[in-house]
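To start, the structure itself, in structure tokens.
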Amino acid sequence: IKIIKIVSTHDIVMFFSNKGKAFAMKVHELPVGTKEARGKSLKALINLSDNERITSICAFKEFNKEAIVMTTKSGTIKKTLLSDFSNVKKNGII
């Protein structure tokens with residue numbers, strides 16, 4: 001396990017990939033599993049390419065005027081409003 005987030009059923013989870021794509025899902029759309037279950041691949045839920053992997057996850061209640069800040073290894077920083085991600089499709093948004 002690399003990332004653990006505690007979220008509510010009504011929250012929105014946003015996944016960020018190493019290729020610069022963002023994917024969003026409502027938490028209630030994620031499959032429920034037991035503690036003995038093997039789980040389901042994230043590639044089955046969102047359209048990740050072969051070399052693509054999820055590097056970060058964030059959760060929030062709604063797409064509003066709050067901002068999200070992203071940084072890269074090389075030190076580039078970017079601030080984007082959550083409302084800019086409100087129309088994310090299954091294939092993600094760059």
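The values are calculated or read from the model by the stated rules, or taken from the named source; none is laboratory data. These numbers were taken from a predicted model, which means no experiment stands behind them. With ideal geometry, Cβ positions are generated from the backbone for all residues, glycine too; neighbour counts draw on all protein chains shown. Please note that ligands, DNA and RNA were not included when accessible areas were found on the heavy atoms of the full protein model with its side chains. Shrake-Rupley method; radii C 1.70, N 1.55, O 1.52, S 1.80 Å.
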Scanning segment 1-44 for residues that are open to solvent by 90 Å² or more (accessible area, probe 1.4 Å) and among the hydrophobic types (A, V, I, L, M, F, W, C), which turns out nearest to LEU82 (Cα to Cα)?
ILE6
Exactly one of ILE68, ILE57 is outside any helix (DSSP H, G or I) and in contact with a Phe, Trp or Tyr (Cβ under 6 Å, 6 or more places away or on another chain), and that residue is ILE57
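Which residues, taken from segment 1-26, are assigned to a loop (DSSP other than H, G, I, E, B) and under 13 Å from ASN91 (Cα atoms)? Don't jump to the end; show me each part of the working.
In the first step, residues of segment 1-26 are kept if they are assigned to a loop (DSSP other than H, G, I, E, B); the result is 1-11, 18-21.
LYS19, GLY20, LYS21, listed by residue number.
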Taking the residues in segment 55-90 that are touching a residue at least 24 places away in the same chain (Cβ under 8 Å) and open to solvent by 90 Å² or more (accessible area, probe 1.4 Å) as candidates, determine which candidate is nearest to ALA44 (Cα to Cα).
LYS90
